[in-house]
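The numbers here are math on the coordinates, done by the rules we state, and not lab data. Predicted, not measured: the structure shown is a model, and the values here were computed from it. All Cβ positions, even for glycine, are placed from backbone atoms using ideal geometry, and neighbour counts span all protein chains on display.
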Amino acid sequence: MAPDAKSCRHWRLEQDSDGIAWLTFDRAGRSANSMSRETLEELADLLVEVSRRQSAGLVIRSGKESGFIAGADVNEFTGLTGTDQALTLIERGQTILGQIEALTIPTLALIHGFCLGGGLELALACRYRIATDAPATRLGFPEVKLGIHPGFGGTVHLTRLVGPLAALDMILTGRSIDARRARAIGLADYTVPERHLENAARAMIRHSPSPATPGFVRSLPGMWFMRLLFAAYLRRKIAKRADENHYPAPFAVIDLWERFGGDPTGMLAEEARSVARLITGSSARNLIRVFLLQERLKSIGRQGSSVPRHVHVVGGGTMGGDIAAWCAMQGLRVTVQDIDHQRLAGVVARGARLFRHNLRDPRRVEAALDRLIPDLRGDGLPRADVVIEAIVEDVAAKQELFRQIEPRLKPDAFIATNTSSIPIEELAGTLARPDRLVGLHFFNPVPKMELVEVVRGTASAPETVARATAFAGAIGRLPLPVSSSPGFLVNRILMPYLLEAVIMEAEGIPAAAIDRAAVEFGMPMGPLLLADTVGLDICLAVAGILAARFGTEVPQRLAALVSVGHLGKKSGRGFYTYAGDKPVVSEKNEKGPARNELEERLVLRLLNEALACLREKVVTDGDLLDAGVVFGTGFAPFRGGPLHHIRNEGIGRLHERLKRLEERYGERFAPDAGWQELLLEEKESP
Amino acid sequence: MSRTEAYKSGRPVYIVDGNRTPFLKARGVPGPFSAADLAVAAGRALLLRQPFEANELDEVILGCIIPGPDEANIARVVSLRLGCGKSVPAWTVQRNCGSGMQAIDAAAMDIAHGRSDLVLAGGTEAMSHAPVLLNNAMVNLLGEWSHAGTTWKRLRLISRLRPPHFRPVIGLIHGLTDPIVGLSMGQTAEELAHRFRISRERMDAFALESHRRLAGAQDGGKLTEISPIYDTDGTFFDHDEGVRRDTDMAGLARLKPAFDRPFGMVTAGNSAQITDGAAWLLLASASAVERHKLPVLGRIVDCQWVGVEPGQMGLGPVHAMAPIMNRQGLATGEIDFLEINEAFAAQVLACLEAWQSPEYCRDELGLDAPFAPIDPERLNVDGGAVAIGHPVGTSGARIVLHLLHVLQRHDGRRGMASLCIGGGQGGAMLIERVEGVHHGT
């Protein structure tokens, strides 16, 4: 190491012959950089050192292959107890990044891979930013997804650098942008191939041009009268997608900008206070919990060995086709088998749309299409490392298929069935080697739904389960290990909630009122609209399977609709009538029971079933249950999952309400035995 | 070792599998697939069903005349897209209409000489994608434009623009015109019709029969050499589109001459169709057959390339087949099935005439006696390019592939595939089915 090199645990400071200081962030013990209290304090010391040395310039970069900085260390958020503590911490972060800004020498962030959240704020504190032009480069502020917003000056600096419109778009949506977009909006001064990164940084420090500005037109919406107009517009737009009570963060951003958009110092101070308020609120706490649950599922998917190279999907319907296209987009070679040419053609067409939308670059689209191979004759079977069965939900048909394909498989290939309700054991019986069968239950639409239930049959070999789990992780999905009980976790928990909605609708409560109650609770879509979207015939079939096992009742109304051909969206009519893809809802405010009661009936049945699943050990612990229900059903993420919700709302209180509903509506509300354990827990805790 | 020697005493060359796309009619605008797309579609289906991985190929050889501007050395583009990996070398061959067969011959040579064991060879062409180019006057103007420094100079250049600057050069028309003698391919067919006194009725009858045979083969499910291909807009193609089931003699007679107006006889109806398509064969040495337990469809016995008068290019097959027959000591009757590419009905009919003409065989081929006539029932039994189409770089591979299927279906032994080649050449390949090298199924 050169004599003027200084190193500490997470950072490395070197000075080159041009007098440029290179500060490399390489967080100890982690594969990706994230900003913790400790790393920030080290940075503060090093920045003092940099200003003391009077270097020609400062380049901040990452020593990790994975990227620049993935954001703040979310685990540290959970330890915050009060607003004051949070505020102190945030202000300290602002001060440290302010040290970079205060340097008189040119400063530059050299960005590759992820540059998110706090990482982007650090980059914004520099005078210049240069990013690699690779597809892996992503810059963004995902904070709103955690119920907060940037707090280390990000809202101030980004608005000032790229103008309010582009800045607010990034902050409010949480969407990250690629290098090309970053260059276009002025967030990156240059985007260059990796081979030029260092040269570009040196040249930029040497020439030290004046810092980028958004220019007059882009700054225009920041004038005070324009701010008022735009803020009102943005509030309306956000309110369409998110309830302020559930998701206060985006509204806080708009308030912040509207009030302080013309006053950087004021905005910085208020930014810290705003984040301190948000981060200690329940929405952020729960969203952070959901984020950590997601990380846990991701880590489950990372455990594991060999990643398959060739996937063979049998069944070119919506599910099979979308699973196939998804796998091809993730870089695997995929054959899709179906006896119907037209269906295979549909798979290619949908795949092409997916690729064009996600990959953009025509070369990458072409490569993905080349990997997605329609396979009428099943030539891909003997090559496949994984065979995914996604044919019609019929035991006999699946058994017959397994009989046909098993002799053609590689000895070490495993079979995954995408059944949503048939126990694995029933299907495994026809296999000569039942140990190689596992369930991989994807959700529709595959590209949007991250969760995959990995279903362990009694005969499934642990090795098979492990490989299926690793496979789900490798294709960028969240694997949730579940046992092979009917409906597995997600559909099992969803079904009583759906059926309760059907019962209420049959009682004469307007469908729209029922759905509204669910949406206001925080579900992404009302239960009846969901049923219509899935298809009432499919709901009836799954409900039947669950009813047969658990002795529950399937409301007559569902069978009645199916028998007259009202199957939901696909037939143009179900609980709603459809004009095109949209349900026709009369604006008349039809009188129904109080929203609270509707919500209670829907949600308590869901929660009750969740406790039954936990008691039966469908998943191994409550956190996995919460994760599964949030990612599988979209269950109000700001509530942190059903079990978390029960604890937040009061176990005893909800149990009482359930008992009241039981008295009024009968056995289907009878509290599951699982409540007892929770009640005990509540009694024991102070 | 000469080519002839290599086939005779080199290592045997086996054809173990093959596959092609359906041939798609060009409809005046670029079709849904580029030449590389077609080759990838046919190739990946073929490789998928092999017991070896794509990177175990020794090389990929592809014939193609008009690859797109982004398809330089199209064989390499296709090879990489097929997942053969960086290590498998790939090269493109051009011998005009003989390119597909040339690719097979080149692969066979490498196997015979012991340089390769397992080769993917074939042809591809997207004739509908043939380039439309700027003419020279326009190119020159654009060249001046890039050097014109001032707005004034540029304005003066613009003022020089005239309608002729915008007249495009249609690549396809130029490609199908002999650059030496200036005749279009259709005009060379007119020459042959004149020389051998072939009537319009005979041409049309031949064309009609080509369509009838193709329709019969399609209905009988005989074209198992085709794998369907899928467009990204949700359509699929599973059969040769050129077939015209509704055509008849009266309809054909109504067509105007396409090349020599108004008195010519060669029409769009009795010529090969402008088509997009790709075809592949998989060639293997005995050791590759053994190592991967490959099924053997047949063996390449001999191959001949010849030059003929450019204006008489249609007679190329006669000149290419004759030396093979003599070398192998074969009589016409010992060839079980023949494929002579139907560039033009008149051209194939002229070949049949020349083959059995004592004068032609004596004067042009230097033979004492003519060959016995070729039985039309053994020639192009499932129709030819008049109905199927003639993607120029592909046809040579298609006829060899199809011949193998015909031999298998009829339990025949020897087959001859031959084609005429624009510019005045002919190519022919003798194949035979093999007993006793059967591995696998």
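Quick notes on this structure:
- Taking label points 7 Å from Cα along the Cα-to-Cβ direction, A:R433 and A:Q303 give a separation of 2.4 nm.
- When both region B:183-225 and region A:29-63 are represented by their alpha-carbon centers, they are found 79 Å apart.
- Cα gyration tensor, region B:178-247 - rounded (a/c under 1.5), prolate or oblate: oblate
- Cα extents of region A:6-280 along the three principal axes, largest first (Å): 54, 43, 33
- Taken over region A:551-686, the ratio of Cα radius of gyration to 2.2 N^0.38 Å equals 1.26.
- Backbone N within region B:150-167 under 20 Å of label point (7 Å from B:N140 Cα along the Cβ vector): B:153-167
- Of all DSSP-defined beta bridges confined to the protein assembly as shown, some 50% are antiparallel rather than parallel.
- Chain A, relative contact order [Cα under 8 Å, separation at least 6], %: 8
- Scanning chain A for trypsin sites (Lys or Arg not before Pro) lying in DSSP loops with no more than 16 further Cβ atoms inside 10 Å, the longest uninterrupted stretch between such sites is A:31-174.
- Under a 5 Å amide H cut-off, with hydrogens placed 1.01 Å from N, A:V336 pairs with A:V313, A:I373, A:D375 among residues at least 5 apart or on other chains.
- In this calculation the C-beta distance from B:V181 to A:R403 is compared with R0 = 60 Å, giving a FRET efficiency of 0.35.
- Separation of region B:249-314 and region B:374-441, taken as the distance between their Cα centroids, equals 9 angstrom.
- For region B:110-126, the Karplus equation 6.51 cos²θ - 1.76 cosθ + 1.60, evaluated at θ = phi - 60°, returns couplings of 5, 6, 4, 7, x, 8, 9, 10, 9, 10, 9, 9, x, x, 8, 7, 10 Hz by residue, with Gly and Pro reported as x.
- Averaging Cα coordinates gives a centre for region B:1-50 and one for region A:672-686; these two points are 71 Å apart.
- When DSSP beta bridges are restricted to pairs lying wholly in region A:6-280, around 30% turn out antiparallel.
- Between B:D375 and A:R363, the modelled labels are 5.6 nm apart [label points 7 Å from Cα along Cα→Cβ].
- With bins 10 Å wide beginning at 0, the percent of Cα pairs of chain B falling in each bin runs 5, 22, 31, 24, 12, 5, 2, 0.
- Longest exposed-site-free window of chain B, the sites being trypsin sites (Lys or Arg not before Pro) in a DSSP loop that have at most 15 other C-beta atoms within 10 Å: B:294-441
- With 10 Å bins from 0: P(r) over the protein assembly as shown, alpha-carbon pairs, percent: 2, 9, 14, 16, 16, 15, 13, 9, 5, 2, 0, 0
- Evaluated at q = 0.10, 0.14, 0.19, 0.20 Å⁻¹, the base-10 log of the normalised Debye intensity for region A:315-490, with identical point scatterers placed on the Cα atoms, takes the values -0.34, -0.69, -1.29, -1.43.
- All alpha carbon pair distances within region B:1-135 were sorted into 5 Å bins beginning at 0; the resulting P(r) in whole percents reads 2, 11, 19, 22, 20, 12, 8, 4, 2, 1, 0.
- Cα radius of gyration and Dmax for region A:502-543 (Å): 10.5, 28
- Region A:1-74: GluC sites (Glu not before Pro) in DSSP loop, at most 16 other beta carbons within 10 Å: A:E65
- Here the alpha carbons of region A:327-393 define both size measures, Rg and Dmax, at 12.1, 37 Å.
- Helical runs (DSSP H, four residues minimum) scored at -39500 (n - 2.57) apiece and divided by the length of the protein assembly as shown put the mean residue ellipticity at 222 nm at -14000 deg cm²/dmol.
- Couplings for region A:371-376, taken from phi via the Karplus curve 6.51 cos²θ - 1.76 cosθ + 1.60 with θ = phi - 60°, read 7, 8, 10, x, 9, 4 Hz in order; Gly and Pro are left as x.
- Scattering curve values for region A:427-573, log₁₀ I(q)/I(0), Debye with Cα scatterers, q = 0.12, 0.20, 0.21 Å⁻¹: -0.60, -1.22, -1.27
- From the C-alpha gyration tensor of region B:11-62, square roots of 5λ in Å: 27, 12, 11
- Ratio Rg/Rh [Cα only; Rh per Kirkwood] for region B:289-441: 0.98
- R0 of 45 Å, Cβ-Cβ distance A:R353-B:R413: FRET efficiency to nearest 0.05: 0.35
- B:Q425 long-range amide H proximity, modeled H, under 5 Å: B:V308
- Calculated FRET value between B:V169 and B:Q94, using beta carbons and R₀ = 25 Å, to 0.05: 0.80
- Label-point separation in nm, A:Q676 to A:A269, each point 7 Å along Cα→Cβ: 5.9
- HN-Hα J in Hz across region B:169-179 - Karplus 6.51, -1.76, 1.60, θ = phi - 60°, x for Gly and Pro: 9, 7, x, 5, 5, 5, x, 9, 10, 5, x
- Beta bridges per DSSP with both ends in chain B, % antiparallel, nearest 5: 70
- Prolate/oblate/rounded call for region A:491-606, Cα gyration tensor, a/c under 1.5 rounded: oblate
- Here the gap between A:A232 and A:N648, fully extended at 0.36 nm per residue and compared with their Cα-Cα distance, gives a gain of 146.4 nm.
- In this structure, the amide hydrogen of A:T417, modeled 1.01 Å from its nitrogen in the peptide plane, lies closer than 5 angstrom to those of A:E389, A:V438, A:G439, A:L440, counting only residues at least 5 positions away or on a different chain.
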